[in-house]
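As structure tokens, the structure follows; a few thoughts come after it.
Every number in this text was worked out from the coordinates using simple rules, so none of it is lab data. None of these values were measured; they are calculated from a predicted model. Using ideal geometry, Cβ is built from the backbone for each residue, glycine included, and neighbour counts are taken over all protein chains shown.
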Amino acid sequence: MAERYIVVGGGLAGLMTVIKLAEAGKHVDVFSIVPVKRSHSVCAQGGINGAVNTKGEGDHPDIHTRDTLRSGDFLLEQPPVKGMCYAAPQIIYLLDRMGVPFNRTSEGLLDFRRFGGTLHHRTAFSGASTGQQLLYALDEQVRRYESEGLVRKFEYWEYLSFVKDAEGACRGIVALDLRTMQIEAFPADAVCLATGGPGIVYGRSTNSTINTGTAASRAYIDGAIYTNAEFIQVHPTAIPGEDKHRLMSESARGEGGRIWVPKNKDDKRDPRTIPENERWFFLEEKYPKYRNLVPRDVASREIVYVVRNLGRGVEGQEAVYLDVTHIPAATLDRKLGGIMEIYEKFVGVDPRHTPMKIFPAVHYSMGGLWVDYEADARNDMVPGSPRQQATNIPGLYAAGEVDYGYHGANRLGANSLLSCIYAGMIAGPAMISYAKNVAPKKGDVPKTLLGQGKTYWSDRFDKIYKMDGTENPFVIGREMGELMQKISTVVKFNKDLDEGVGKIREMKERWKRSNVLDTGRTLNQSASYVNQLWNMLELAELILVCGRLRDESRGSHYKPDFALPEPKTKDPTQDPQWMEAWRVRNEKWLKLTMARFSADGPKVTFEPLKSLANPILKPEPRWYA
Amino acid sequence: MADQIVMRIERRDGPDAPARWEEFKVPSHPNANVISVLMEIQRNPVTSDGKRTTPPAWDAACLEEVCGSCTMVINGRVRQACSALINRLEQPITLTPMKKFPLIRDLAVDRGKMFEALKRVRGWIPIDGTYDLGPGPRQAPEDQEINYVLSTCMTCGCCLEVCPQVGKDTAFIGAAAISQVRLFNNHPTGKMHADERLRGLMETGGVNDCGKAANCAEACPKGIPLTSSIAEMARATTRQAFKDWFLRDERAAGAGPA
């Protein structure tokens, strides 16, 4: 019998995995809670990185690798990053061939813009809705395979768990048809989770409502290792909202946008009338080299400091100005049209003529399911190795934001679309190798195994339908989000994290007294939410526990009580005392946070990075001033 | 600002279930939109006459008008619920599901036929594989700008909902898929296979079924010039019909485009 493959998730990573499998002639079932064209990848705005070097800047994949590793403060295995950065130019060309309407130069070539954490024009873009355009291109290719009969879509289906055999290998999945509430088990020789990030654990974030992290959390509960959970990226520039925080892309600054507050704290004037010399461009002042394009963790910290510690929020609000009004309106429309419209539509003010008011918001999870890799002695990724993107569960793969592998302690802007596609490109062939070389020895998936999975979940949902307690699950979910926002974003303190873990555990107790609100069997969104909420609470606990245990500051994880002092010299390598403190910190903490589920709470260990034995780049101080 | 938001929702427990109206009152809050009100109702699913009910079902994902999920009819106008700001809506606010698509429940409908239409018109660039084959064709910035706008179609269904030619018993494919043909046929590689897509528009329910009501372009939340797309594709299919007739022998002999 021909092998069977399952991909869960229809964003960029999932669809790229599907394409690689289908291109090899394999039959793939893709599961998604929304029609795949509506996946969260559509929200990515600014662009996709690749060192194509069209601007005479001497850019090179090696420099892209270095920028990525530095931005992530070296908290990741290095060969996959090198593989990704070297593949980036050809990935951009591939997307170009698929018809992505990338912005062009006057010569008809691809245009590239600046982004944070680099000094090069490295970001290809399609207006300011690049993620949407990339997703549509992959969606179209998958539709082509679907019409050829190689791909079957299960849309409006939610992943519940993987099916585990006696040896602990993944042999398929159990999923819920959200329209009919039917539960089914599906066999597979290899499964890839491409289910995105957990932004909704934070309540309001820049994420879509579907980004609950529930699939990743459930895989962790079922035995997959979760890595670097505490590393959550807070994007510096978003519009605060009641239902979500809407992203204002880094590309606004890449195209010349400037962050400022009035120099005079009590200046009540219309921002348009405040002269340049009475504006405080705090990022440009402190970081003369990278200016407004410092990495995101740095920019978010500075904005939060200016607003909360110095009380300098504009117009008495938690906000600073993001100003693009000096850029001609026609240029803004051509290069940033999508986000100009979003600001106009949701705030009711034209950002082409009035500075935008923005504040940091939870955006992306660098952490995720642990995945393996295989590289040769030159640190080149081994093509088709079954270990690429493999979790610790045999037969279970992970790709995209759900994996931990490409961003370390802080993701570089415009690297997420790239990492999703690259991970999908190597996950597909890895799954095929696994299915050919490992899975056939196992034979067909026994019916009893599938039946057990189906029965377990049918029983669990029967219990959920009977939940008639006093707690509204959506209220618990909101409180979880508010708690997480308050204690586990830009600045963290151990006391808060300790208390927070206790509060999450109380919420888990309250969950048991939930009311399902709806016992229907058609699109019962409450029942599915009750199940998701438990998984989100587990993930919240995991994020807090890992954050509590890591007593240092690195990338997005910032604890003032454990931060290195500012170096005495502009270049930190010239300050021997500081370098010694930095070395000691790395010795203790330059390790992956590896979490395994247990009923008593996460079991966390800190494990050394294997690629540091033969690094592509030795860790160096991360400094952008 | 009133201290309460009043919302009336047309509800059905399933496609064949009877319809009923339920009214909700939720406290006003800053930056309220239809989604934040629906979320508030989830947290307290009680109607304004104090009756406990189930939380209404609706589709949502991105909440920034790029995914198309939360499309519904708000105060009689089809649009995305996320960008429907409460302070710009007359109250009581009425929510109904789109009527041109099979209902799933409450405000959620099945727009699967729009994705099927994209298959029918072969809405993709047939690339020769994902291998490293170098850059794509060069394009003038002006062409890219036209294609970008066409490519922002999020398959939300507004254009079908307002089209008098689209109904339960009609075959019309609708503006979205027609405009997608224009997008792919404008692309330098897509052009090579323009004939196949045009033929998809020449079958029953194709571009000739357009009644020129022009409601679609007005309803499109992305400002896609749908009426020009339809006009252009109508011309192109006419040319294609002549071309197919003149080349009928070559096509029969297998020499022409398949």
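Set the Förster distance to 41 Å, then compute FRET efficiency between A:D333 and B:W21 from the Cβ-Cβ distance, nearest 0.05.
Values: r = 42 Å, r/R0 = 1.03.
Using R0 = 41 Å, I get an efficiency of 0.45.
Can you tell me what percent of all Cα-Cα pairs in the range B:167-233 are more than 19 Å apart? Let's see the in-between values first.
Numbers: 699 of 2211 pairs.
The answer is 32 percent, as a whole percent.
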Once label points are set 7 Å from the Cα along Cα→Cβ at both B:D143 and A:E148, what is their separation, rounded to one decimal in nm? 2.5 nm
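Semi-axes of the equivalent ellipsoid for the range B:4-109, please: Cα gyration tensor eigenvalues, times 5, square-rooted, ordered largest first, whole Å. Spell out each step's value before the answer.
On the way: eigenvalues 71, 65, 28 Å².
In descending order the semi-axes read 19, 18, 12 Å.
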Could you compute how fast the range A:450-604 diffuses translationally, taking Rh as the Kirkwood radius over C-alpha pairs and applying Stokes-Einstein at 37 °C with viscosity 0.692 mPa s? Give it in µm² per second. 179 µm²/s
Relative pair counts by distance (%), Cα atoms of the range A:3-99, 10 Å bins: 14, 33, 36, 16, 1
Table column - 3J(HN,Hα) (Hz), the range B:113-129, Karplus curve with 6.51, -1.76, 1.60, x for Gly and Pro: 5, 5, 6, 4, 4, 5, 5, 4, 8, 6, x, 7, 8, x, 6, 8, x
For the range A:128-193, inverting the pair-averaged 1/r of distinct alpha-carbon atoms gives a Kirkwood value in Å of 14.0 Å
Efficiency by 1/(1 + (r/R0)^6): what FRET value for A:A166 and B:E218, r their Cβ-Cβ distance, R0 = 56 Å, to the nearest 0.05? 0.35
Give the cross-link partners of A:K486 among the lysines, using a straight C-alpha distance below 17 Å as the criterion and excluding same-chain residues fewer than 8 apart. A:K244, A:K495, A:K503, A:K559
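Tell me what the protein assembly as shown gives for mean residue ellipticity at 222 nm when only DSSP H runs of n ≥ 4 count, each as -39,500 (n - 2.57), the sum divided by the residue total, rounded to 500 deg cm²/dmol.
Working: 24 runs with 305 residues, N = 883.
After summing the helix terms and dividing by residue count, I get -11000 deg cm²/dmol.
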Unpaired by the 4.7 Å Cβ criterion, cysteines found in chain B: B:C70, B:C82, B:C153, B:C156, B:C158, B:C163, B:C210, B:C220
Å³ per residue enclosed by the Cα convex hull of the range A:67-161: 174 Å³
What ³J(HN,Hα) values, in whole Hz, does the Karplus curve 6.51 cos²θ - 1.76 cosθ + 1.60 give for the range A:459-474 when θ = phi - 60°, with x put for Gly and Pro? 4, 5, 5, 4, 5, 4, 4, 8, 6, 10, x, 9, 8, 7, x, 5
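Among B:C163, A:C43, B:C62, rank each residue by its count of other Cβ atoms within 10 Å, from fewest to most, as a rough exposure measure. Provide the component values of the computation, followed by the final result.
Numbers: B:C163 24, A:C43 27, B:C62 30.
The fewest-first ordering by Cβ neighbours comes to B:C163, A:C43, B:C62.
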When a/c reaches 1.5 or more, the comparison of a/b and b/c decides; with that in mind, is the range A:548-625 rounded, prolate or oblate per its Cα gyration tensor? oblate
Given Cβ charges of +1 for Lys and Arg and -1 for Asp and Glu, the option among A:G254, A:V306, A:Y321 whose Cα lies farthest towards the positive end of the dipole of chain A is A:V306
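Per residue, how big is the convex hull of the range A:236-360 when only Cα atoms are used? Give it in Å³.
Each residue corresponds to 104 Å³ of Cα convex hull volume.
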Modelling each spin label as a point 7 Å along the Cα-to-Cβ direction, I'd like the A:K286/A:K618 distance in nm, to one decimal. 3.0 nm
Please work out the Cα convex hull volume for chain A and give it in Å³ per residue. 153 Å³
Computed E for A:Q574/A:K486 - FRET, C-beta separation, R0 60 angstrom, nearest 0.05: 0.95
Residue-by-residue Karplus 3J(HN,Hα) for the range A:341-349, coefficients 6.51, -1.76, 1.60, Hz, glycine and proline x: 5, 4, 4, 4, 5, 9, 10, x, 10
Extent along principal axes [Cα atoms of the range B:112-252; Å; largest to smallest]: 44, 39, 27
Could you tell me which residue out of A:L193, A:S32, A:A563 lies farthest along the dipole of the protein assembly as shown toward its positive end? Charges go on the beta carbon: Lys and Arg +1, Asp and Glu -1, centred on the Cα centre. A:S32
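Order by neighbour count: B:L226, B:L198, fewest other Cβ atoms within 10 Å first, most last.
Numbers: B:L226 28, B:L198 23.
Result, fewest neighbours first: B:L198, B:L226.
In debye, nearest 20: dipole of the protein assembly as shown around its Cα centre with unit charges on the Cβ of K, R (+) and D, E (-)? Provide the component values of the computation, followed by the final result.
On the way: 114 positive and 108 negative charges, 38 e Å.
It works out to roughly 180 debye.
Pull out the extension gain between A:K265 and A:E278, defined as 0.36 nm times the separation in residues minus the alpha carbon to alpha carbon distance; nm, one decimal. Walk me through the numbers before you get to the answer.
Values: separation 13, 0.36 × 13 = 4.68 nm, distance 1.06 nm.
Stretched fully, the A:K265-A:E278 segment lengthens by 3.6 nm.
Under the 0.36 nm per residue contour assumption, what length would be gained going from the current alpha-carbon distance of A:K495 and A:A563 to full extension? List each step's numbers first, then the result.
Details: separation 68, 0.36 × 68 = 24.48 nm, distance 1.60 nm.
Stretched out fully, the A:K495 to A:A563 stretch lengthens by 22.9 nm.
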Dimensions in Å of chain B - Rg and Dmax from alpha carbons: 21.9, 74
For A:S611, A:S488, B:S48, order by how many other beta-carbon atoms lie within 10 Å, fewest first: B:S48, A:S611, A:S488
Report the charge-dipole magnitude of the range A:99-144 in Debye, nearest 20, computed about the Cα centre from +1 at each Lys and Arg Cβ and -1 at each Asp and Glu Cβ. 100 debye
List the residues, sorted by chain then number, that are 5 or more residues from A:A375 or on another chain and whose placed amide H is less than 5 Å from its amide H. A:V382
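How many Lys pairs in chain B lie less than 16 angstrom apart by Cα atoms, where the lysines are 8 or more positions apart or on different chains? Walk me through the numbers on the way to the answer.
Working: B:K25/B:K51; B:K99/B:K113; B:K99/B:K168; B:K100/B:K113; B:K100/B:K168; B:K113/B:K168; B:K191/B:K243.
So the count works out to 7.
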Along the charge dipole of the protein assembly as shown, which of A:F282, A:M381, B:C62 sits closest to the positive end, that is, farthest toward it, with unit charges on the beta carbon of Lys, Arg, Asp and Glu (+1, +1, -1, -1)? B:C62
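Placing +1 at every Lys and Arg Cβ and -1 at every Asp and Glu Cβ, with all other atoms neutral, what dipole size does the range A:450-604 have around its Cα centre, in debye to the nearest 20? Spell out each step's value before the answer.
Numbers: 27 positive and 23 negative charges, 66 e Å.
Using Cβ point charges on Lys, Arg, Asp and Glu, the range A:450-604 gives about 320 debye.
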